[in-house]
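The values are calculated or read from the model by the stated rules, or taken from the named source; none is laboratory data. The shown structure was predicted, so the numbers you read here are calculated from the model rather than taken from an experiment. All Cβ positions, glycine included, derive from the backbone under ideal geometry; neighbour counts span all protein chains shown. Please note that ligands, DNA and RNA were not included when accessible areas were found on the heavy atoms of the full protein model with its side chains. Shrake-Rupley method; radii C 1.70, N 1.55, O 1.52, S 1.80 Å.
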Amino acid sequence: MAKERIYLDWNATAPLLSEARSAMLDALALSGNPSSVHQEGRAARAMIETARRHVAELVGATPANVIFASSATEAANHVLTPHLRMGRAPLAASRLYVSAIEHPAVRLGGRFEPVAVSEIAVLPSGVVDLAALEALLVAHPREAGLPMVAIMLANNETGIVQPVADAARIVHARGGLLVVDAVQAAGRMPIDINALDADFLILSAHKLGGPKGAGALVARGETLMPSPLIRGGGQEKGHRGGTENLAAIAGFGAAAAMAAKDIEPRNAAIRALRDRLENGMRKAAPDVVIHGSGVERLANTCFFTLPGLKAETGQIAFDLEGLALSAGAACSSGKVGESHVLNAMGLDAKTGGLRLSLGPATDAAMIDRAVEIFGKIGARRGLSGKAA
Ligand code: PLP
C-alpha cells in the first residue's frame, strides 16, 4: 500500500481549514450583493464586515482600515505606488526602497517605474542591513517626493524575522512611509500594526488556512491611502472596485480568527517539531547548512542546503519519496530558479536551498519520516559523490 504523503510546504500554501471551508459554504448560500440595501444584500454585507473584523484583529488594526483584495500580490501592487492621498491632499512618493529578500510581489516594485526602485542590502545573517537603509534615506532627494520603504516581517524562504519596528523608526525619522509584507508572519507570530509602526501591512488568506485568491491591504490610519489600483463601483469605500468575492472573504475571515487564537502554544509545539527535525537532519548529514539558525526565525521554517545536492534535483528526490517541500519560493508555477534570498545573503545561490515548512497539522511521526527520507537522500548523495 502506498505510504501517506507528508506535506511540509506550509509556506507555499496551508491546507484550507474546516472553519474556513464552512464559512465559504455559508457565503455561497447567500444570494445578495453586499452593496444592495435590501435584506439579502445586508446579509452578505454583514458577512464581509465580520471577516473584516477578524482580519483586523489578527494584526491589531481598525476594521475600517482593512481593504480586501484578490491576493497579497494585488494588495502589494495597490500600495506600492508613487500616488497617494493624505486626506484630500495628494502625496507623492518618488522612490521605493525594497529589501533584497522581498517576495517578487513586492520586489518588482508595484506601480513604481523600475528606475525608481532601489534595493536595501541584507547582512550575511539574512537580516536587513539597517545601516544601509539609513544611508539610502539620508541620500534620498526630498524635493521630488517621499521615500517609500518595503521590508517584510518574515522571509518566505528562510523564515528569518526582520527588524521592522527598528526600520520604522529610521523610515519615519526621514519622513518616509513603511510597507510591511506580513504574509508569512501572520498567524505564525503575534502582529500589532501599531507596535510595528508600519503604515501598511499586506496579508494573504491562503498562508493561514484560508482560500487561495484572497488578500488584504491593511492601513494603520484612514487618512493616508494609496490611489486605487482597481476603480469601479465604489466598493471597499472606493479603494478597490468590483463586487466582493464573498466566499473568499468569508473564508479569509474565518481563517484569520483561527490564526489569531493560541499563537504561542501553537508555535511552541511547532518549534519543538522543527527542532526535532533539524536535530535529526544534523545527525544524518553533519554537513547540512541550516540557514538562519542563529537569528530569530519563524518557528515553522527550515531552509537548508545539502552540499552536493542541487535544490531542483533534491526537490524531485523528496517528492518521489513522498515528501512535499519547496526549492526556495514556490510561487512561480513550479519554476525552480536561483534563490535571490541566498544570493542576497552572499551564499551559493546556484546550488539553491530546500525549504521544509511545518504547520499545525504536522506531527512527530511525519517529522521522523521526513528525517528518514532526508537521511536516505543525503546518503545517496554521498555514495554517488555528486548530486543525487
Ligand atoms: N509575500 C510573501 C512573503 C509570500 O510568501 C507570498 C506568497 O508566496 C506573497 C507575498 C504573495 O501572496 P499571494 O499568493 O496571495 O499573492
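A few points about this structure:
- Distance violations [Cα-Cα > 31 Å] among LYS3/LYS207; LYS283/LYS310; LYS350/LYS376; LYS261/LYS376; LYS261/LYS350: LYS261/LYS376; LYS261/LYS350
- Lys/Arg +1, Asp/Glu -1 at C-beta; the chain dipole; positive extreme among MET189, TYR97, PHE318: PHE318
- Helix 246-260 and the longest principal axis of the Cα set of the chain meet at an angle near 60°.
- Given charges at Cβ of Lys, Arg, Asp, Glu: region 22-172 dipole, positive-most of HIS38, GLY126, GLY159: HIS38
- Relative frequency of Cα-Cα separations exceeding 24 Å in region 20-259, percent: 42
- Global size of region 244-302: 16.6, 51 Å for Rg and Dmax (C-alpha atoms, Rg to one decimal, Dmax whole).
- Between region 256-315 and region 225-245, the alpha-carbon center distance in angstrom: 39
- Phi angles of region 306-314 translate, via the Karplus equation with coefficients 6.51, -1.76, 1.60 and θ = phi - 60°, into HN-Hα couplings of 10, x, x, 10, 5, 4, 5, 5, x Hz per residue; Gly and Pro are given as x.
- Placing pseudo-labels 7 Å out from each Cα toward the beta carbon at SER31 and ALA64 gives an inter-label distance of 3.4 nm.
- Each helix, a run of at least 4 DSSP H residues, gives -39500 (n - 2.57); summed and divided by the residues of the chain, these come to -11000 deg cm²/dmol at 222 nm.
- Between GLY242 and GLY233, GLY234, GLN235, the built amide H atoms are under 5 Å apart, and every one of these is 5 or more places off in sequence or on another chain.
- Within the listed set ALA139, ALA51, ALA186, the Gaussian network model of the chain (springs between alpha-carbon atoms below 10 Å) gives the highest mean-square fluctuation for ALA139.
- Computing FRET efficiency as 1/(1 + (r/R0)^6) for ALA365 and ALA46, where r is the C-beta to C-beta distance and R0 is 45 Å, gives about 0.60.
- Taking SER71, SER357, SER35 and ordering them by how much accessible surface each has at a 1.4 Å probe, largest first, produces SER35, SER71, SER357.
- Between helix 164-173 and the chain there is an angle of about 40 degrees, using the helix long axis and the longest principal axis of the Cα atoms.
- Using a cutoff of 8 angstrom between alpha carbon atoms and counting only pairs six or more residues apart, the relative contact order for the chain works out to 22 percent.
- GNM top mover of HIS206, HIS239, HIS103 - the chain, alpha-carbon springs below 10 Å: HIS239
- Among beta bridges that DSSP assigns inside the chain, antiparallel share in %, nearest 5: 60
- For region 286-311, the residues whose backbone nitrogen is under 20 Å from a point 7 Å from the Cα of ASP348, taken along Cα to Cβ, are 286-294, 303-311.
- Protein heavy-atom surface of the chain, 1.4 angstrom probe: 56% of the accessible area is carbon and sulfur, with nucleic acids and ligands not counted.
- The calculated FRET efficiency for the pair MET86 and ARG53, based on their C-beta separation and a Förster distance of 30 Å, comes to about 0.70.
- Using the Karplus relation 6.51 cos²θ - 1.76 cosθ + 1.60 with θ = phi - 60°, the per-residue 3J(HN,Hα) values for region 139-145 come to 7, 5, x, 6, 4, 6, x Hz, with x marking Gly and Pro.
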